[in-house]
Amino acid sequence: MLRKIFHIVFFVLLSCTGFAQAIFKGKVVNESTGEALAGASIYFNNTSYGTTTSQNGEFSIPFPSIPHPELIISSVGFDIISYRPAAGEDINRRYVFKLMAKQSLMQDIVVLPDATRRKYLKIFSDNFLGITQEGATSKLKNIDGIYFTKDPADRYAFKAYCDTPLVIVNKLLGYRVYFQLQEFYYNENTGATSFYGFTRYEEMGDKKRWVKHRRKAYYGSTMHFFRSLISHKLNENSFKVFFVRTDSIRKPDGQIQAMDMAIPTTDSALVRKDSSETEVKYIASWKIKLMVQYNKDPASKAYLRQNTLLNGSLPVGFRAYMIFKAGEDKLEIDSNGILVNPMSISFSGYWIYEKAANLLPYDYNPDAN
């Protein structure tokens, strides 16, 4: 089954275990003409497994050792295809992927004065890479290929796109990251931002050089939290969770003031194993805002303090918050701690500083050398 899907950067996988070491083979063609597409990119999302098609459009690629990998097929000028083999599917057969020509967005592109474009590119870079040491030391190679459109529903908002993968040279973590941006959103009035796309990683030399920095990026991250949550090891890994309830109180002068109350909860109260699925999956849900407290200082906190974003006497660790978006009430998490439906929630607090430059591949293991 083929389907075209657009997901956020940071986080999409389902759960399956039967494809490790297998080889996936196929061909990519133009749907309209049937002609083979040479040089099309074939990779498993958020991994280092990738290749390109030959002159006759053919490819072969090994399956990564992660749950239910998501194969991405892309070529400049064509819509992207996302494909996940179902549990038990025979992957030894030869697949043919038919790419459709992409509809032009030229009529929506905003032609900006140079000064305004520089401003938008600075906003994009900060909010895409993140305000961390990893973000500050990363270089975005082909930023000139980004173009902008205005949001017709909000005069303060704009969106950004790029037809070719953005290349992030992450000097601190030792990755060259190819990010196929599907959309970036920013609201100049509220500061709200989001983006999503597909990602492929390449090692920048001997990965043993980067072990220390990658571990620092992992501990306290969203990946660390969700893996701790489904394994019921929040306390062991220095996380605490609280429901945040807002109550109204009357002050002595008669005025009504809103006050947040933090109510402790547990990983057992938040997540359960989904026994209805043939593939291992977990369901997390809560009714009100959830606060996550990490009781150790993450590596990026020192950078934020030095750059005056965090001032004064700060307690150890950090707090971050998650709330479900309208119409959503649960998170699906695969057996590797990756969110299946990350667009269901909004983050606030500390984790908003960590963006694309802080992400690690889905198969990252801090205990591996």
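Find, to one decimal place in angstroms, the Kirkwood hydrodynamic radius of the stretch 150-263, where the mean of 1/r is taken over every pair of different Cα atoms and then inverted.
18.7 Å
Looking at the chain as a GNM with Cα springs under 10 Å, which of Gly26, Gly205, Gly135 has the largest mean-square fluctuation?
Looking only at Gly26, Gly205, Gly135, the biggest GNM fluctuation is shown by Gly205.
Name the most mobile residue of Ala269, Ala357, Ala40, meaning the one with the largest mean-square fluctuation, in a Gaussian network model of the chain with Cα contacts below 10 Å.
Ala269
When a/c reaches 1.5 or more, the comparison of a/b and b/c decides; with that in mind, is the stretch 280-358 rounded, prolate or oblate per its Cα gyration tensor?
In terms of gyration-tensor shape, prolate.
To one decimal place, what Kirkwood hydrodynamic radius in Å is obtained for the stretch 219-358 from all pairs of distinct Cα atoms? Provide the component values of the computation, followed by the final result.
Working: mean 1/r = 0.0603 Å⁻¹.
So the Kirkwood estimate lands at 16.6 Å.
What does the extension gain come out to for Ala86 and Tyr156, with contour length at 0.36 nm per residue minus their alpha carbon separation?
Extending this stretch completely gives an extra 21.0 nm.
Would you mind ranking Thr193, Thr266 by Cβ crowding within 10 Å, fewest neighbours first?
Numbers: Thr193 17, Thr266 12.
Ascending Cβ contact count within 10 Å gives the list Thr266, Thr193.
Can you list the residues, at least 5 places off or on another chain, whose amide H is less than 5 Å from the amide H of Phe24, using H built in the peptide plane?
Excluding prolines and chain starts, which carry no amide H, the hits are Ile61, Phe63.
³J(HN,Hα) across the stretch 286-291 via Karplus (A = 6.51, B = -1.76, C = 1.60, θ = phi - 60°), whole Hz, x for Gly/Pro?
Residue by residue, the stretch 286-291 yields 7, 8, 10, 4, 10, 9 Hz.
With a Cα-only, solvent-free Debye model of the stretch 23-99, what are the log10 I(q)/I(0) values at q = 0.18 Å⁻¹?
The Cα Debye sum returns log10 ratios of -0.67.
Which residue, Ile143, Ile345, Ile263, tops the fluctuation ranking in a GNM of the chain built on C-alpha contacts under 10 Å?
Result for the chain, Cα springs under 10 Å: Ile263 fluctuates most.
Using modelled backbone amide H atoms (1.01 Å from N, in-plane), which distant-in-sequence or interchain residues come within less than 5 Å of Ala40's amide H?
Amide H to amide H, under 5 Å and 5 or more residues apart or across chains, Ala40 pairs with Thr53.
Stick to the Cα atoms of the chain, pair each with every other, and give me the Kirkwood hydrodynamic radius in Å at one decimal.
So the Kirkwood estimate lands at 22.3 Å.
Rounded to whole Hz and in sequence order, give me ³J(HN,Hα) for the stretch 213-228 from the Karplus expression 6.51 cos²θ - 1.76 cosθ + 1.60, θ = phi - 60°, writing x for Gly and Pro.
The phi angles translate into 5, 5, 4, 4, 5, 6, 5, x, 7, 5, 4, 4, 5, 5, 5, 5 Hz.
What's the exposure ranking of Ile42, Ile288, going from fewest to most Cβ atoms within 10 Å?
Least crowded to most crowded, the residues run Ile288, Ile42.
Per residue of the chain, what 222 nm ellipticity follows from adding -39500 (n - 2.57) for every DSSP H run with n ≥ 4, rounded to the nearest 500?
Working: 6 runs with 50 residues, N = 369.
When only DSSP H runs of four or more count, the value is -3500 deg cm²/dmol.
Dipole of the stretch 219-358, Cα-centred, from +1 at each Lys and Arg C-beta and -1 at each Asp and Glu C-beta, to the nearest 20 debye? Intermediate values should be presented prior to the final figure.
Values: 18 positive and 14 negative charges, 76 e Å.
I would put it at about 360 debye.
Read-outs throughout are calculated quantities, based only on the coordinates presented, and are distinct from any laboratory measurement. None of these values were measured; they are calculated from a predicted model. Using ideal geometry, Cβ is built from the backbone for each residue, glycine included, and neighbour counts are taken over all protein chains shown.
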